[in-house]
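Down below is the structure, laid out as structure tokens.
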Amino acid sequence: MKKFIAAALCLIFCVALCAPVSAATDKKAPGESVKVFITYEKSPNTDKYVDCKIEIIDSADGGHETVVDEAASFKIRGNSTSSGEKKPFNIKLSAKTDVLGMGKNKKWCLLANCYEKTLIRNQTVLDFANAIGLRYTPKYRVAEVYLNGKLNGAYLLTDAIQASSSRVDIDTDGHEFVLERDARTDEGTVYFTTKRYGIRLGINEPEEPTDEQYDWLMNFLKEAENTLATGKFADVEKYFDIPSMVDFYIVLEYFKNVDVNTGSTRFYIKDGKIYGGPCWDFDLSSGNCDADYYWDYNNRDTTGDSTEGLICRCLWFRPLFNFAAFKDAVKARYLELQDQITNLYADNRLGQNHIDLLTGRYRETFARNYAEAGWKISKKYSTLEHAPIGNYKGEIEYLRSWLKKRNNWMLNDLGLQSELIQKEDSVLEINGYVISGMREKTRLDDFVRQFENKNITAEKYDGRAIEGKNFVSNGAAVSAGGVTYTVLLRGDPIADGRINATDYAFIKRYFLKTVESDDAYRIAAADVNGNGRIDPADYAMTKRHVLGTFVIGG
């Protein structure tokens, strides 16, 4: 399967390093991830910034200029994570600087992921949120952080959640805000509790709202909540941007963030509407939480399975779900996103799954986090994280399994059917999200009879619809409204649903290297015998099929 969908998506990065001149030279040579060097005399704390020198070196494949700031400062950031042994940091540059193409800003964050053994939960959520179009999702780069020359491990170098043309693009002088659900109290932050639903929020932006801005905000939220409670959905849409609220709910609920109703859950007000997001702080999500501390999350009184149950029917989502239109929008969008969701944990038409992509690309960085920086994969650094499995592969497979089971539970809870269901007498084979075992000249009407699903649609590799009497061709995309499957018809690299002399010629010429192709579906179909390479046996089998002395798929 991986040969079929990932041939053109190889993400193996080979970094040729020069012979080391000194330890310092070797450390600062570009590698597979960004490198951040922080040099300081006074140790950082949570109270105030201390002076330091910052160097940020792009990865070998990045191409951005190195940032050097002799007059920067940094401090320990976070709430529960600030007490972890591996400290997260906020850094302030002396001037607004475009760091690695992520925009000109002074403040940046270094997330340590101390309580998260895979080191990829935050990246996975941010990548997913960005892919589905959730605006102002923080940009990030995977980085290795060195403190006074010593490797402190793998981090995420990210945007801070703040108003900026390259971050959350709002007018802080007008009636636009970033709000955070927050159970704590930070000095300098303005907090309030909404009148009707009792939601305690902090004003992140503007940092110092005027009395006029505050009064406007209170009145606006009062009207919005009253409309949620007593109005029609058309009126609700005047106050809430429904598409973003739907997407934000899906992100929060699917990944099951433990902090959804206590902190880090944000909304922003722009152009007179409330929007969901930006996403932030997902290290304690996707099953990574202690079963005793988070009793309800882990369903300790029932199944004991954390992939089950709803956690985000709170805040403004609770009254929104009283509207059938919002429920229907969530259901439709969740089904629409099945390709993106399944691609998090399994290879499909979109390419290599995201877990393998991240762990493959940053394999050495993550390995050094444990082997060189000294963080222990088997140690529980907080009462909040789940019990360590004891090895990195086990942690990754736990995450993969959790995401798959969570998706299945969500589909069932929403009353949705995403995957194709074969009839007992089906002659087709399904491996992951690839359908094979089909003979040439199979018409769509005959193809869909192999399944229990209704409303199956199919498109050619180029997006053209396949109608009932048309042949189903190699590379076709097939769906019943949920996840998309790809048809593999061996011997049909030309992708017209027939196996003929044109296919034979393509396979032979490809072997002889007189024709080239980077289309994964063509290459997979040219591998007629399925041995992982294209050789004389493949075009010989195709020739015999054309001559009628052999049947491919027979």
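If you take the beta carbon distance between residue 291 and residue 547 as r and set R0 to 45 Å, what does 1/(1 + (r/R0)^6) give as a FRET efficiency, to the nearest 0.05?
The pair residue 291/residue 547 has a calculated efficiency of 0.10.
What does the extension gain come out to for residue 215 and residue 459, with contour length at 0.36 nm per residue minus their alpha carbon separation?
Full extension of this stretch gives 82.5 nm more.
I'd like the Karplus ³J(HN,Hα) series for segment 483-491: coefficients 6.51, -1.76, 1.60, θ = phi - 60°, whole numbers in Hz, and an x wherever there's a Gly or Pro.
Going residue by residue, I get 5, 9, 9, 10, 7, 10, 10, 4, x Hz, with x marking Gly and Pro.
What value does the chain have for Rg/Rh, both radii from Cα atoms and Rh as Kirkwood defines it?
Rounded to two decimals, Rg/Rh equals 1.01.
Between residue 404 and residue 314, what is the spin-label point distance in nm, taking each point 7 Å from the Cα along the Cα→C-beta axis?
About 3.0 nm separates the two model spin labels.
Hey, what do the phi angles of segment 356-372 turn into as Karplus ³J(HN,Hα) couplings, whole Hz, using 6.51/-1.76/1.60 and θ = phi - 60°, x for Gly and Pro?
5, 4, 5, 5, x, 5, 10, 4, 5, 4, 5, 5, 5, 4, 9, 6, 9
Run the dipole for the chain about the Cα centre, Lys and Arg Cβ at +1, Asp and Glu Cβ at -1, nothing else charged, and hand back the magnitude in debye, nearest 20.
It comes to approximately 1220 debye.
Considering amide H positions built from the backbone, and no H for Pro or chain starts, which residues 5 or more places from residue 190, or on another chain, come under 5 Å of its amide H?
Hits under the 5 Å cutoff: 203.
Order these by the 10 Å Cβ neighbour count, fewest first: 300, 498.
300, 498
Give me 254, 191 sorted ascending by neighbouring Cβ count inside 10 Å, so fewest comes first.
So the ranking, lowest neighbour count to highest, is 191, 254.
Starting from the Cα-Cα distance between residue 43 and residue 82, subtract it from 0.36 nm times their residue separation and give me the gain in nm to one decimal.
The residue 43-residue 82 span can extend by a further 12.6 nm.
How do 515, 190 line up, fewest other C-beta atoms within 10 Å first?
Placing the least packed residue first, the sequence is 515, 190.
With each pseudo-label sitting 7 Å past Cα toward Cβ, what's the residue 53-residue 193 distance in nm, one decimal?
5.1
Tell me, what HN-Hα J-couplings in whole Hz come from the Karplus equation 6.51 cos²θ - 1.76 cosθ + 1.60 at θ = phi - 60° for each residue of segment 392-405, using x for Gly and Pro?
Per residue, the Karplus-derived 3J(HN,Hα) values read 5, 4, x, 5, 5, 5, 4, 5, 4, 4, 4, 5, 5, 5 Hz.
Need the C-alpha centroid separation for segment 303-373 versus segment 417-452, integer Å.
27
Name the residue farthest towards the positive end of the dipole of the chain from the options 410, 239, 174, assuming +1 on Cβ of Lys and Arg, -1 on Cβ of Asp and Glu, about the Cα centre.
Most positive-ward Cα: 410.
In nm, give the distance between the simple-model label positions of residue 427 and residue 208, each being 7 Å from the Cα along the Cα-to-Cβ direction.
Result: 7.8 nm between the two label points.
So what is the calculated 222 nm ellipticity per residue for the chain, using -39500 (n - 2.57) for each DSSP H run with n of 4 or more, over all residues, to the nearest 500 deg cm²/dmol?
Calculated from helices alone, the mean residue ellipticity at 222 nm is -8500 deg cm²/dmol.
Quick check: net charge around residue 472, other residues with Cβ under 13 Å of its Cβ, Lys/Arg +1 and Asp/Glu -1?
Here the count lands on +1.
Would you give the gap between the C-alpha center of segment 467-495 and the C-alpha center of segment 143-181, rounded to a whole Å?
Segment 467-495 and segment 143-181 have Cα centres separated by 44 Å.
What length, rounded to one decimal in nm, is gained on full extension from residue 513 through to residue 327, with 0.36 nm per residue of separation minus their alpha-carbon distance?
61.6 nm is the gain from fully extending residue 513 to residue 327.
None of the figures in this text is laboratory data; all of them are computed from the coordinates on show. All figures in this text were calculated on a predicted structure; none of them were measured in a lab. Heads up, the Cβs are rebuilt from the backbone with ideal geometry, glycines too, and the neighbour counts pull from every protein chain shown.
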